[in-house]
1. Quick check, is T11 in contact (Cβ under 8 Å) with a residue 12 or more places away in the chain and either open to solvent by less than 30 Å² (accessible area, probe 1.4 Å) or among the charged types (D, E, K, R) (or both)?
2. Would you please list the contacts, defined by Cβ atoms under 7 Å and residues six or more apart or on different chains, that run from a residue in region 221-239 that is in contact (Cβ under 8 Å) with a residue 12 or more places away in the chain and on the phi > 0 side of the Ramachandran plot to a residue that is assigned to a loop (DSSP other than H, G, I, E, B) and open to solvent by less than 40 Å² (accessible area, probe 1.4 Å)?
3. Out of region 350-376, which residues are outside any strand (DSSP E or B), open to solvent by less than 20 Å² (accessible area, probe 1.4 Å) and over 14 Å from C84 (Cβ atoms)?
4. H109 passes all but one of (1) surrounded by fewer than 20 Cβ atoms within 10 Å (Cβ to Cβ); (2) over 22 Å from W253 (Cα atoms); (3) not small (G, A, S); which number fails?
5. Please specify each residue of region 248-276 satisfying the condition of being in contact with a helix residue (DSSP H, G or I) (Cβ under 8 Å, 6 or more places away or on another chain) and crowded, with 18+ Cβ neighbours inside 10 Å.
6. Examine region 77-87 for a residue that is over 23 Å from L332 (Cα atoms), of a type outside the set (A, V, I, L, M, F, W, C) and crowded, with 24+ Cβ neighbours inside 10 Å, and state whether such a residue exists.
7. Quick one: count up the residues across region 184-214 that are crowded, with 17+ Cβ neighbours inside 10 Å, in contact with a strand residue (DSSP E or B) (Cβ under 9 Å, 6 or more places away or on another chain) and part of a helix (DSSP H, G or I).
8. Looking at I175, I181, which one is open to solvent by less than 20 Å² (accessible area, probe 1.4 Å) and not basic (K, R)?
Amino acid sequence: MSKVVEISPTTRHEGHTKLTMQVDDNGVVTRGDWLSLTPVRGIEKLAVGKSMHQAPKISSRVCGICPIAHTLAGTEAMEASIGCIIPDDAYLLRVILQCANRLHSHALHNILSLPDMYIPGTDTHINPFTPEEPVRSVALRIQKLREVGQTVGEIVGGEPIHPSNPRVGGMYKNISPRAQIKIYDLAKEALPLAQDHMDFMISVFKDWDARPMASVAGGKEVEKTEKFGFHDQGYMASDTLYGSSSLDLDQKWYPERWTEVRPWDWYQGELEVSLEDPDYPVGGTTPVGTKVWPAMEACTGVPLYDGAPIETGPRARLAMFRNYDRKGAMGLQIARQMEYMDCLYSMIEAVEALDTNGKVVADEIPQGDGSLGWAANEAPRGTDVHLTKVLNGKVEWYSLLVPTTWNFPTVSRALEGAPWQLTEVIMRAYDPCVSCATHMMVVDDSKKVVAQKLFQ
């Protein structure tokens, strides 16, 4: 007989979510819902009526982890709407900024994933903050890789978190020859560290994948299922590194293939929790008897591509462009590690090609006639699509379709067939960034906000 169990809140990721699952007598998930409970930021509405130069700065404030991706996607969506082509050197600066963002973000996610894993060849869960080897050296490598990414981001972007240098039409200013040399030296310094780190992390994820039993960060051991975290959904990616826009002759994303359904048409209806575990990490699961209603609690729409959920992110990029085919949660984790080296080599190539005396602002910046423009940026977590209409320099309409929004329904399907105690391992493999993903609130027929507790 099916039982309902709920993990709320989920942990070690950005934002506030929960997992509501129906499980069989063996504790294996037969239906899973992963949903956002993060309050709405209202970014798209705030941008309407603002200048096309302001809107990307507003959208970057949706999150402190992905602001570079949102700034670039938002800026390029504005440029696509008005038909503005930027200079080559401005594009190279944006590529360097993109690489910096991916480098520090992937390294940060490693810290969040490691506590689920084991030191290879042992039964010891990894504590990323232990002073003991070999983990201490791993933590120092992660710290250095993040430092390189953040430093390069500050040099090129103008700010350590929310970049101020990108602008509609290119960049406000080029970097100096001295800064160019510093970026090159930092990237070269990071290369051997990234190689060692990639090799270690892949060994960790392969070790976990090969184990017949596993636990969540010190919880009780449970038997893993054969196809842990598998799903039958497709992939979506616009590039291996940077992205695409509606200005491209060979576009890699198509707005006509995108549709969206409301959460009450996707998630489960009203349920009652009938299974709990007070020993589950971080305070136990939701108590038996609690009424839950995923369809009315979820704070995101459900975007579909070709009428179905898709996966976006590192594995999607490698699967679509480099024939990568490893499935499951660990297949995604391994794909993420494989992006380290390409990220640094691409940074080096861009900085070598950059002319620090080159023009970085377009000669002409049209004001827009209201045409639809879009840009798909390959953010660390996946394809970050911004769509807009600019008229006379003002934003008439703006929409964000960010990676975790795309991945919510796919992860929900990937939970099925897994022991419920390990479902956070699947969810965390997607490196959720939930504040970015939350773009709607649920209201009833009288326009009253449902579930006021989300805003307390």
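1. Against the criterion (in contact (Cβ under 8 Å) with a residue 12 or more places away in the chain and either open to solvent by less than 30 Å² (accessible area, probe 1.4 Å) or among the charged types (D, E, K, R) (or both)), T11 does not qualify.
2. G229/A418
3. A350, V351, L354, G358
4. (1)
5. Within region 248-276, P263, W266, Y267, Q268, L271 qualify.
6. Checked region 77-87: at least one residue is over 23 Å from L332 (Cα atoms), of a type outside the set (A, V, I, L, M, F, W, C) and crowded, with 24+ Cβ neighbours inside 10 Å.
7. Total meeting the criteria: 2.
8. I175
The values are calculated or read from the model by the stated rules, or taken from the named source; none is laboratory data. Because the structure is a prediction, the values reported are computed rather than measured. For neighbour counting, all protein chains shown are included, and Cβ atoms are generated from backbone atoms with ideal geometry for every residue, glycine included. The protein model used for the area step is the full one, side chains on, heavy atoms only, and it has no ligands, DNA or RNA in it. Shrake-Rupley method; radii C 1.70, N 1.55, O 1.52, S 1.80 Å.
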